[in-house]
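Read through the structure below, which is laid out as structure tokens, and then see the notes.
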Amino acid sequence: MNNSTPVILAIESSCDETSVAISVNSKITANVIANQTIHENYGGVIPELASRVHQQNIVPAISEALRISNIDKTAIDGVAFTQGPGLLGSLLVGVSFAKSFALALNKSLISVNHMQAHILSHFIAEDKPQFPFLCLTVSGGHTQIVLVKNYFDMEIIGETLDDAAGEAFDKTAKILNLPYPGGPLIDKYAKLGNPKAFRFPIPQIPELNYSFSGFKTAILYFLRDQIKINPAFIEENINDICASVQESIIQILLTKLKKAATQYGIKEIAIAGGVSANSGLRQSLKELEKQLGWKVFIPDFQYCTDNAAMIAIAGHYKYLLKDFVGQDVAPMARMNF
Ligand code: KG4
Ligand code: ZN
């Protein structure tokens, strides 16, 4: 392949998913995701275990992606990898593999910021957002409103001061004795419940920022008080509790997103990250699209939670810019845009 139609091999290992994707001139030909179920037993991701499982998964995932794409490793032009942010031990597995692969086969090495990649996942689909657009990036570790001026020119205009939206889902689920990660389960039960059954306080945070730590504590105290009156309160009301918690989180997220859209005069609005898989959030955004004349971009489910296809698309655009890194590159647990 020549340089204007690059073939990118992409590796994502920032948290608990080992994922390998291949793109051929920006078309995703494989997106292999090896989920790590081991963490379900512990109520959260155990970093030490995550890095060990990445180590076991990475070579089979690479072979599988090459096999699905029917591509020989020699045909690859660039090797893209998540440099950060994420768990250091997990990142190290992907970064080390990418460096070794690029060195052994003399390929270009491309570093990708995981949060930028979540946003750039919107460039996988045919219907792509126009610059500038706003992206609400909501994952297990981040909650950000990002002004996206160009592929790699992004500005965080609002973010959480403490917990992320995904943590609010996961920590609530833990209080409700649901296994990790709780977000998808809260979503599932919420579909059967009344979102107005219980009210939780909406945090009043200045500007375009968020806070979820007080919200989580309010839920904890609410449930503790209810259980004193009725020990079976959670089991009897699980659907209504989940629907009400989800509704409050969506309210919190969208109030600031609407404020940002007005402040910046932007109507192209995207969501990204694991929490963008939430059916209530997706539905509410579609309603806002009609109400406010927004053009809303919601990723396919497979591109919401962590995946290497988003690393491949980010890698593709960096390849076109010839934005490569050397063998001295190292993982970064914290990484700014
Ligand atoms: O982006 P992601 O896969 O990993 C990080 O980079 O953190 O996001 C994972 C987060 C978890 O907190 C998980 O509970 C949440 O996304 N999540 C959901 C749903 N699916 C995943 N939260 C609410 N509703 C969902 N359907
Ligand atoms: Zn993520």
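Throughout, read-outs are computed from the coordinates displayed, never taken from laboratory work. Predicted model only: the values in this text are computed from it and were never measured. For neighbour counting, all protein chains shown are included, and Cβ atoms are generated from backbone atoms with ideal geometry for every residue, glycine included.
Sort all Cα-Cα distances of region 49-112 into consecutive 10 angstrom bins from zero, then give the percent of pairs in each bin up to the one containing the longest distance.
Result, from short to long distances: 21, 52, 26, 1 percent.
With no solvent and one equal point scatterer placed on each C-alpha of the chain, evaluate the Debye formula and give log10 I(q)/I(0) for q = 0.10, 0.12 Å⁻¹, two decimals.
-0.59, -0.83
For the chain, with the dipole built from +1 on Lys and Arg beta-carbon atoms and -1 on Asp and Glu ones, taken about the Cα centre, which of Val53, Pro129, Cys242 lies farthest toward the positive end?
Pro129
For Gln130, project a label point 7 Å along Cα to C-beta. Then give me every residue of region 244-275 with its amide nitrogen under 15 Å of that point.
What the label zone holds, given the 15 Å backbone N cut-off, is 265-270.
About its Cα centre, what dipole magnitude does the chain give when the only charges are +1 on Lys and Arg Cβ and -1 on Asp and Glu Cβ, stated in debye to the nearest 20?
Once rounded to the nearest 20, the dipole reads 380 debye.
With a ≥ b ≥ c taken as the square roots of the eigenvalues of the C-alpha gyration tensor of region 148-213, please select rounded if a/c is under 1.5 and otherwise prolate if a/b is larger than b/c or oblate if it is not?
Judged from the Cα gyration tensor, region 148-213 comes out prolate (a/c at least 1.5, a/b above b/c).
If R₀ is 41 angstrom, what is the calculated FRET efficiency for the pair Leu321 and Lys259, using the beta carbon separation as r and rounding to 0.05?
Step by step, r from the Cβ atoms, then E = 0.80.
Amide H neighbours of Ile157 under 5 Å, at least 5 residues apart or on other chains, H built in the peptide plane: list them.
Ile145, Val146, Leu147
Using only Cα positions of region 178-268, each an equal point scatterer, no hydration layer, compute I(q)/I(0) via Debye at q = 0.21 Å⁻¹ and quote the log10 values to two decimals.
At q = 0.21 Å⁻¹ the computed log10 ratios are -1.07.
Averaging sequence separations of C-alpha pairs under 8 Å and six or more residues apart, then dividing by the length of region 3-85, give the relative contact order as a whole percent.
About 39 percent, as a whole number.
I need to check one value: relative contact order of region 260-299, counting alpha carbon pairs closer than 8 Å and at least 6 residues apart, in percent.
Across region 260-299, relative contact order equals 53 percent.
Using the count of nearby Cβ atoms within 10 Å as a rough guide to exposure, how do Ser69, Ser211 rank from fewest to most? Please report the intermediate quantities before stating the final value.
Values: Ser69 20, Ser211 17.
So the residues, fewest neighbours to most, are Ser211, Ser69.
In which sequence would His118, His39, His316 go, from the one with the fewest C-beta neighbours within 10 Å to the one with the most?
Ranking His118, His39, His316 by Cβ neighbours within 10 Å, fewest first, gives His39, His316, His118.
Fewest first, what order do Leu88, Leu134 take by the number of other Cβ atoms within 10 Å? Display every interim value, and only then the final one.
Values: Leu88 17, Leu134 23.
Exposure proxy ranking, most exposed first: Leu88, Leu134.
Find how much the distance from Asn230 to Thr37 grows on full extension, using 0.36 nm per residue of separation minus their present alpha carbon separation; answer in nm with one decimal.
66.1 nm
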